[in-house]
1. Relative contact order for the stretch 2-124 using alpha-carbon pairs under 8 Å, separation at least 6, rounded to a whole percent?
2. May I ask what percent, to the nearest 5, of DSSP beta bridges between residues of the stretch 1-112 are antiparallel?
3. May I ask you to compute the full-extension gain from residue 106 to residue 14, defined as 0.36 nm times their residue separation minus their alpha-carbon distance, rounded to one decimal in nm?
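The numbers here are math on the coordinates, done by the rules we state, and not lab data. All figures in this text were calculated on a predicted structure; none of them were measured in a lab.
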């Protein structure tokens with residue numbers, strides 16, 4: 001998570017931050033659906049929230065959600081080891097090979113690919 005400026009907590013709780021600009025999630029099988037639906041819906045309600053990275057731990061796969069004008073969100077998929085993505089909210093470029101450094105996919109349980117639908121605001125890389 002990246003926060004610009006001072007951290008704002010929900011009702012003085014130390015585990016709920018109200019002003020993130022970037023959030024990164026590494027998916028697990030048990031929370032994958034929740035992370036990409038209800039949790040993302042909550043994050044989008046935060047005015048400061050600009051970018052969301054969803055990282056698959058079983059294969060090269062990163063989904064980047066970026067807030068555009070008027071609250072619209074776009075998504076870009078990265079699935080090649082040599083892909084790079086730019087986090088515009090903090091002006092940094094990340095290579096997938098660096099994100100997945102020291103990950104041994106062969107020792108992890110495989111996942112099955114599901115088909116996804118493309119919309120005009122989505123881009124698939126790879």
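1. Details: 169 pairs, mean separation 21.2, N = 123.
Reported as a whole number, the value is 17 percent.
2. Once the DSSP bridges in the stretch 1-112 are tallied, antiparallel ones form about 75 percent.
3. Numbers: separation 92, 0.36 × 92 = 33.12 nm, distance 3.73 nm.
29.4 nm is the gain from fully extending residue 106 to residue 14.
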